[in-house]
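Okay, structure first, notes after.
The values are calculated or read from the model by the stated rules, or taken from the named source; none is laboratory data. These figures come from a predicted structure and were not determined experimentally. Note that we place each Cβ from the backbone using ideal geometry, even for glycine, and neighbour counts take in every protein chain shown.
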Amino acid sequence: MDILIQVIVTGIATGGVYGLIALGFVLIYKATSVLNLAMGEFMTLGAFVCFTVLSQLDAPFYLAFALTLVCAFILGAVVERLVLKPLIGEPIISVIMVTIGLGITLRGIMYMIWTPTFRSFPQIFPPEPLQLGFAVIPSGLWWGLILAVAATVIFILIFKFSRIGVAMRATANDQQAALSMGISVRGIFAMSWCFGAAASMIGGIVIGNINGISVYMGDVGLQVLAVIILGGLDSIAGAIIGGLIVGILQNLTGLYIDPLVGGGAKNVAPYFILVLILMIRPYGLFGKRIIERV
Amino acid sequence: MRCGDFKETYVKDEEIFQSLFVKFWLGVLFVFLIIFPFVANQYLLYIANMIGFAVIGAVGLNLLTGFTGQISLGHAAFIGIGGYTSAILVTRLGFSFWLSIPFAGLVAAAAGLVIGIPSLRVKGLYLCIATLAAQFIFEFIFVHWESLTNGITGINVPPPAIAGFEFNTEKRFYWITLVVVILAVIYARNLVRSRMGRAFMAIRDRDLSAEIIGINLFRYKLSAFAISSFYAGVVGALWISYLKVITPEHFPLLLSIEYLAMIIVGGLGSVLGAIFGGIFMTLVPEILSFLAGIVKSILPGREAIFEPLKNVIFGLLIILFLIFEPRGLAEIWNRVKSFFRLWPFSY
């Protein structure tokens, strides 16, 4: 019984981090209807930038964090302007493939700069694990969860109350109406890419801190697809709740199914969840049901 | 120069060999393909075989993605299914290689039908994600169903043979590849001008409208998945008997992406485009390796940069083609052709 509770608690903590990365997907999808499959590479880049600043410049964590955010904003804006903008109005396969191409390019560039060696993150959080009495959360996961929750709350507050956030919601709702109210839709597109990149890069720092960083850590980004499909592609609440559900289910799979098949089930579990959801409820728990007219 | 090339009936317009000119050049190409193995060295033959496999797979994927508009990120999984089917039939059940090819295709097609079922409910983004999930799930099965697939150790496959004659060199295998490529291309070229091909294109352009004009979405979407997976299964069977070994690592997500890249670079919705894409995307890494060799001789120790550079160039090709030439090499080919045909006029 103890181990079950422990696994569920770990699952919730992992789920919080998934929620943050899923938020990155949703922020971009909601405003621009683009599913960014390069999200995993954005994450990796965030982890590497933070790592390099920390280890090469001996900078304190908050400075490295701020620099990573600046990088995220630049990356988001550049990608939107150079790669996605020319493809507005193109068929969906072009848009999907261009983000895949972007991911491969980024991965290759990171491979050139940082080489594929595996590195562990410098100590940025106090190493003591959190004792809950009935369960123990390792330090990296615990502080990662705090960071992820804080970032998620800030993003939601921005989205709900700031001027930019309201403009972003308006654009997501109806582009033409937003344009006629004087909102620069092009600016908002770039802005949502910036926010999306920032969310995933923070996620990258957290995951890098837990698992160590390498060029290949971006594969987690694809597992998060299960989260956003479960929650609904365009729902922020869905991203968070989906993150928790997938985190818990994944860790439970690790506990119960892995011994049966000899390992590996933990990483493939999100995809099984994904297929199930697509069969039963393709628009997710909270997503908008698309009605098509000819 | 071709002049007065007018058509008076639709049958004429749909012909594959439209003029004497085309027939002539196809004949030249065919003769070249026959002579090629006698003049080429081992390395060129190796590349020719690789191009052959790429072309078959790309033509199959183009039927699904380019003509029917159903994006699939699971093509490598179907290739894997075909490969494993053939390997298991040959090594465990004592089938001959030749008989295992159609079975590999059929099993892959059956898997394609299963994966295609979500396409009836979901499309676009969601279908892309569903096929991505299928890719990962099949990779997992290849690794973990050890009693059947031997896990990561893989299965050793004997080379194909007819009456004691073994196809165990590059040159001998080339003939198998060539025959299958020709059959695959002819079938695809004919399929797309048939009733089924027109149904595929109608579904791609707007599936709801297609349904309203009486196209059975269920039947044609699943047919597209089955045919494309059949092609993939045949590629798998050929490829593993060429490599003589099969392991799960041969079928990563990156292979699926490579096939998608081939049809995007070559031209979506064009059989010729898939052929161009297959040739082009196979040659690019080889050219880079060649350059790496040159750099190695001039600046020793610097050639390591070419390994990741392959990925960067591969990604950039996808992005640049999508932005600047979304209809791919096939469109460039058409432009060049019409430039010469119409010269000195611009159109």
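Out of A:Ala135, A:Ala66, which single residue is under 22 Å from the mean Cα position of the chain (by Cα) and either more than 14 Å from chain B (Cβ to nearest Cβ) or modelled with pLDDT under 90 (or both)?
On inspection, the qualifying residue turns out to be A:Ala66.
Of everything in region B:38-70 that's β-branched (Val, Ile, Thr) and crowded, with 24+ Cβ neighbours inside 10 Å, which residue is farthest from the chain's Cα centre (by Cα)?
Ranking the qualifying residues of region B:38-70, first place goes to B:Thr68.
Just checking, which of B:Arg193, B:Arg189 is outside any helix (DSSP H, G or I), touching a residue at least 60 places away in the same chain (Cβ under 8 Å) and more than 14 Å from chain A (Cβ to nearest Cβ)?
The conditions single out B:Arg193.
Can you name the condition, by its number, that B:Ile213 falls short on among (1) more than 14 Å from chain A (Cβ to nearest Cβ); (2) on the phi < 0 side of the Ramachandran plot?
Unmet condition: (1).
Taking B:Phe103 as the residue in question, decide whether it is part of a helix (DSSP H, G or I) and more than 20 Å from the chain's Cα centre (by Cα).
Taking the combined requirement at face value, the residue does not satisfy it.
Return a yes/no flag: does region A:162-170 have any residue that is of a type in the set (Lys, Arg) and modelled with pLDDT of 90 or more.
yes
Which condition does B:His144 not pass, out of (1) within 24 Å of A:Ile277 (Cβ to Cβ); (2) surrounded by 24 or more Cβ atoms within 10 Å (Cβ to Cβ); (3) not hydrophobic (A, V, I, L, M, F, W, C), if it passes all the others?
(2)
Applying the selection to region A:25-39, what residues are assigned to a loop (DSSP other than H, G, I, E, B), buried (at least 24 other Cβ atoms within 10 Å of the Cβ) and polar (S, T, N, Q)?
Hit for region A:25-39 is A:Asn36, nothing else.
A:Val78 is checked against (1) within 14 Å of another protein chain (Cβ to nearest Cβ); (2) touching a residue at least 12 places away in the same chain (Cβ under 8 Å); (3) under 16 Å from A:Ile109 (Cβ atoms); (4) aliphatic (A, V, I, L, M) and fails just one. What number does that condition carry?
Answer for A:Val78: the failing condition is (2).
Has region B:307-315 got any residue that is of a type in the set (S, T, N, Q), within 14 Å of another protein chain (Cβ to nearest Cβ) and in a helix (DSSP H, G or I)?
Yes, region B:307-315 contains a residue that is of a type in the set (S, T, N, Q), within 14 Å of another protein chain (Cβ to nearest Cβ) and in a helix (DSSP H, G or I).
So, B:Phe276, is that one in contact (Cβ under 8 Å) with a residue 40 or more places away in the chain, more than 21 Å from the chain's Cα centre (by Cα) and assigned to a helix (DSSP H, G or I) or not?
No.
Please verify whether region A:252-259 includes one or more residues that are assigned to a loop (DSSP other than H, G, I, E, B), more than 10 Å from chain B (Cβ to nearest Cβ) and either within 18 Å of A:Leu27 (Cβ to Cβ) or in contact with a Lys or Arg (Cβ under 7 Å, 6 or more places away or on another chain) (or both).
No: zero hits.
Looking for whichever is within 13 Å of chain B (Cβ to nearest Cβ), closer than 22 Å to A:Thr152 by Cα and not aromatic (Phe, Trp, Tyr) here; the options are A:Gly204, A:Gly196, A:Gly218. Which one fits?
A:Gly218
Let me spell it out: the conditions are (1) touching a helix residue (DSSP H, G or I) at 6+ places or on another chain (Cβ under 9 Å); (2) surrounded by fewer than 16 Cβ atoms within 10 Å (Cβ to Cβ), and B:Ile203 meets all of them except one. Which number is the exception?
Tallying (1) touching a helix residue (DSSP H, G or I) at 6+ places or on another chain (Cβ under 9 Å); (2) surrounded by fewer than 16 Cβ atoms within 10 Å (Cβ to Cβ), B:Ile203 fails exactly one: (2).
Which one is farthest from B:Ile152 (Cα to Cα) among residues in region B:110-138 that are away from chain A (no Cβ under 14 Å) and surrounded by fewer than 24 Cβ atoms within 10 Å (Cβ to Cβ)?
The selected residue is B:Leu113.
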